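Just below is one structure, and these are the notes that go with it.
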Amino acid sequence: MNHHQSILVTGGAGFIGANFVQQRLASGKAGKIVVLDALTYAGNRANFDGVEGASDPARFEFVHGDIRDGALCERLLREHEIRTVLHFAAESHVDRSITGPDAFIDTNVVGTHALLKAARAVWLGGSGVDHRFHHVSTDEVYGSLGAHDAPFSESNQYQPNSPYSASKAASDHLVRAYHHTFHLNVTTTNCSNNYGPFQFPEKLIPLMLVNCLHGKALPIYGDGMNVRDWLHVDDHCRGIELTLQMGRVGEVYNIGGENERPNLEIVEHITAAVDAAFAADSSLRTRFPECPAAQSKPCWSLVTYVKDRPGHDRRYAIDPAKARAELGYRPHETFESGLAKTVAWYLANQPWWRAVMDGSYRQWMERNYAARS
Ligand code: NAD
Ligand code: DAU
């Protein structure tokens, strides 16, 4: 095997990173995948359990570590002769950035810089090697759109409004600066809201799903009319692969689903899907007795309006024209097909979401893995 095809995936045990790694292993692409992940509350090593290829040390290695550890990053780049970094690792939840912004600065800003420094030292230190640093970022850096504004293009002004988006904006700027100043070969993708399997149930779609099943209130922030542009995680991962293959160095690509919807509409889809699943499969009534659908009541009855998120951005929407023209990017899933698969996944994978939501189980799981490795 050509070692130079090895890739380093930071944050690979999180939602999008794990989906990316699974997709790549399934594709049978050559080269080893080295995942570097600090296993915060959002990272879960069990996301690779039973995944084809993940138990083959020639194809996959998991490293429990922090991107802020520059010496570790350098060592991994040298040891595995890595020429491609895919940088997913981040604190990613806007609400957490409001209650505790420090971790966002530490990981998203300081951590990204530590990784850039390591890449520069290893790749540009000697005579130079062919390389790529791909940075995974968000549409939130562009701020909030008015109802009639055109969707975000790559030339939109940066106007981050939350500590999360500000920290991601700072990381985007550092990536750009390392290209312009030091000639590091970088690409960046700014993507809209993702959903799909393995998403931590703090984000809108899995939170609403799990709360339906538990018969808990569905908390709608503000008037529920904030708009997001939803994309199935597989389509985001495909966009990243295309950027690696065809993206021009130094360029930014916006990835989105052209699928804008207000939050209330998303919640309507979820509650209707859960109602329909219970109507079709009576075993769900025994598995989830607290769900209103178990008593033939609509899950919509759980909707509860709550205090708005401070600084809540009204609308995000991506114009993916550049990615379409240069990379041939287009989503494969419709919202209906993607949501149906996602609802089915959460219904079938209760042990996964119970485990990630339960701190003590989580600690046990880590000890269990430490004892086995
Ligand atoms: P996530 O919160 O599910 O996962 C983040 C992962 O990073 C976790 O595995 C965590 O353990 C790891 N991590 C955190 N701090 C670390 C550190 N200091 N060192 C090493 N690992 C660390 O996030 P996600 O939703 O999968 O998002 C992945 C990336 O995509 C982020 O950069 C995010 O900003 C971006 N993004 C997310 C979305 C979305 O809708 N979720 C949309 C666009 C862009
Ligand atoms: O746009 C991309 C971004 O999408 C990513 O960069 C972030 O990592 C990701 O978390 C996501 O940010 P949002 O803030 O848009 O996602 P969240 O799922 O937290 O919220 C989506 C919308 O739903 C938002 O308008 C707030 C609202 N909401 C959210 C939660 C958790 C509710 O009304 N109730 C809730 O309980």
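Equivalent-ellipsoid semi-axes for region 222-280 (Cα gyration tensor, √(5λ), whole Å, largest first): 32, 16, 6. Between rounded, prolate and oblate, where does region 41-104 land on the alpha carbon gyration tensor, with a ≥ b ≥ c its root eigenvalues, rounded for a/c under 1.5, else prolate if a/b exceeds b/c? Oblate, because a/c is 1.5 or more while a/b does not exceed b/c. Could you calculate the FRET efficiency of residue 103 with residue 221 from 1/(1 + (r/R0)^6), where r is the beta carbon distance between them and R0 is 25 Å, rounded to 0.05? The calculated FRET efficiency here is 0.70.
Helix 15-27 and the long axis of the chain differ in direction by around 70°, with both axes built from C-alpha atoms. First compute the accessible area of region 1-84 with a 1.4 Å probe, then give the percent of it belonging to carbon and sulfur atoms. On region 1-84, the fraction of accessible area on carbon and sulfur atoms equals 48 percent. Say R0 is 51 Å: what FRET efficiency, to the nearest 0.05, do residue 214 and residue 321 get from their beta-carbon distance? After rounding, the FRET efficiency stands at 0.80. Each of residue 297 and residue 354 was given a label point 7 Å from its Cα along the Cα-to-Cβ line. The distance between the two points is 2.3 nm. The slack between residue 159 and residue 29, meaning 0.36 nm per residue of separation minus the straight C-alpha distance, is 43.0 nm. Note on the chain: with a GNM built from Cα contacts shorter than 10 Å, the maximum mean-square fluctuation among 120, 354, 228 falls on 354.
Taking amide H as placed 1.01 Å from N in the peptide plane, the amide H of residue 218 sits under 5 Å from that of 303, 304, each at least 5 places away or on another chain. Seen against the Cα atoms of the chain and their longest principal axis, helix 263-280 is set at about 60 degrees.
Shown in residue order for region 169-183 are the 3J(HN,Hα) couplings computed by the Karplus curve 6.51 cos²θ - 1.76 cosθ + 1.60 at θ = phi - 60°: 4, 4, 5, 4, 5, 5, 4, 4, 5, 5, 6, 5, 8, 10, 6 Hz (x for Gly and Pro). Expressed in units of 2.2 N^0.38 Å, where N is the residue count, the Cα radius of gyration of the chain is 0.98.
Among 224, 256, 328, the largest mean-square fluctuation in a Gaussian network model of the chain, built with springs joining Cα atoms closer than 10 Å, belongs to 328. Carbon-plus-sulfur accessible fraction, region 194-259 (probe radius 1.4 Å, protein heavy atoms only): 54%. The amide H of residue 138, built 1.01 Å from its N in the peptide plane, has 191 as neighbours under 5 Å, considering only residues 5 or more places off or on other chains.
Axis angle, to the nearest 10 degrees, between helix 112-124 and the longest C-alpha principal axis of the chain: 30 degrees. Using θ = phi - 60° in the Karplus curve 6.51 cos²θ - 1.76 cosθ + 1.60, the 3J(HN,Hα) couplings for region 150-157 round to 5, x, 5, 10, 5, 8, 4, 5 Hz; x is entered for Gly and Pro.
Dividing the mean sequence gap of close Cα pairs (under 8 Å, 6+ apart) by how many residues the chain holds gives a relative contact order of 17 percent.
For region 280-356 versus region 170-233, the inter-centroid distance based on Cα atoms is 13 Å. Calculated accessible area for region 72-205 comes out at 38 Å² per residue, all protein chains present (probe 1.4 Å; ligands, DNA, RNA ignored). With a cut-off of 19 Å on the backbone N, the residues of region 313-336 near the modelled label site 7 Å out from residue 279 along Cα-Cβ are 336. Across region 8-28, the residues whose backbone nitrogen lies under 18 Å from the label position 7 Å along the beta-carbon direction of residue 332 are 16-28.
What the phi angles of region 137-144 give under the Karplus curve with 6.51, -1.76 and 1.60, with θ = phi - 60°, is a coupling list of 10, 10, 6, 5, 5, 7, x, 10 Hz, glycine and proline written as x. Computed over neighbours whose Cβ is under 10 Å from that of residue 34, the net charge equals -1, Lys and Arg +1, Asp and Glu -1.
Label-to-label distance for residue 290 and residue 121 is 4.8 nm, based on points extended 7 Å past Cα in the beta-carbon direction. Legend: calculated FRET efficiency, residue 181 to residue 5, from the Cβ-Cβ distance at R0 = 41 Å, rounded to 0.05, equals 0.90.
Ellipsoid fit via the Cα gyration tensor, region 122-225: semi-axes of 35, 19, 10 Å, each the root of five times an eigenvalue, largest first.
For region 1-128, just say rounded, prolate or oblate: build the C-alpha gyration tensor, square-root its eigenvalues into a ≥ b ≥ c, call rounded for a/c under 1.5, and beyond that prolate if a/b exceeds b/c, oblate if not. Oblate. Summed over the residues of region 220-371 and divided among them, the accessible surface reaches 47 Å² per residue at a probe radius of 1.4 Å. Run the Debye formula on the Cα coordinates of region 145-293, all scatterers equal and no solvent, and tell me log10 I(q)/I(0) at q = 0.17, 0.20 1/Å. Log-scaled intensity ratios, in q order: -1.08, -1.33.
The values are calculated or read from the model by the stated rules, or taken from the named source; none is laboratory data. Note that the coordinates shown come from a computational prediction; the quantities given were computed from them, not determined experimentally. Cβ: placed from backbone, ideal geometry, glycine included. Neighbour counts: every protein chain shown. Accessible surface is based on the protein model in full, side chains and every heavy atom, while ligands, DNA and RNA are left aside. Shrake-Rupley method; radii C 1.70, N 1.55, O 1.52, S 1.80 Å.
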